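Data block below; observations after.
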Amino acid sequence: MTATELGALLADASQNGTYFVDVRDREGLEDTARGLGFAVAAIDFAGCDDKGEVLERFAAALRFPDWFGHNWDALADCLGDLSWWPADGYLLLLDHAGAWRDAEPDDFATLLGILNDAALQWSAQKLPFWALVPLSARALGEVVEPG
């Protein structure tokens, strides 16, 4: 995919969602999003032990307001607002999420649901919102072709 095609894809809010991507494509996606005027946030999951730590890292990376309640509902509320961080679109990079995903699959599934719901809300407003989970080629293959 050319840089122009990638830019057109990221700018298309009808494609909003949460996707697993090859970690080797991470930098190009981030650069393209920044070039489009997107707000980009990298949420590093390395060493996350529990949901509380994941929520803390989201709050820090996205500069959540003081009223953030540190629970799933509050995360959904903040992701559906983002008025404190105006941009032409949003790209969230969920880095090093594999270990937490494996250790806490139910919480990870809840997080993906919240991110997808936010993506749909932003799509209705025609504003790009992407949440990407960069994985190694091996891990990506396991997600795409489980079992």
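The numbers here are math on the coordinates, done by the rules we state, and not lab data. Note that the structure is a prediction, hence the values are computed from the model and not measured. Every residue, glycine as well, gets a Cβ built from its backbone with ideal geometry; the counts of neighbours run over all protein chains shown.
Select from region 6-36 the residues that are among the small types (G, A, S) and assigned to a helix (DSSP H, G or I) and write down the one among them that is surrounded by the most Cβ atoms within 10 Å (Cβ to Cβ).
Ranking the candidates gives A33 first.
Within region 117-138, identify whether any single residue is without any contact (Cβ under 8 Å) to a residue 24 or more places away in the chain, more than 23 Å from S14 (Cα to Cα), touching a strand residue (DSSP E or B) at 6+ places or on another chain (Cβ under 9 Å) and not hydrophobic (A, V, I, L, M, F, W, C), and answer yes or no. Steps first, please.
Just the residues of region 117-138 that are without any contact (Cβ under 8 Å) to a residue 24 or more places away in the chain, to begin with: 124, 138.
Next, from what is left, pick out any that are more than 23 Å from S14 (Cα to Cα): 138.
Checking which are touching a strand residue (DSSP E or B) at 6+ places or on another chain (Cβ under 9 Å) leaves us with none.
Looking for residues that are without any contact (Cβ under 8 Å) to a residue 24 or more places away in the chain, more than 23 Å from S14 (Cα to Cα), touching a strand residue (DSSP E or B) at 6+ places or on another chain (Cβ under 9 Å) and not hydrophobic (A, V, I, L, M, F, W, C), one finds none in region 117-138, hence no.
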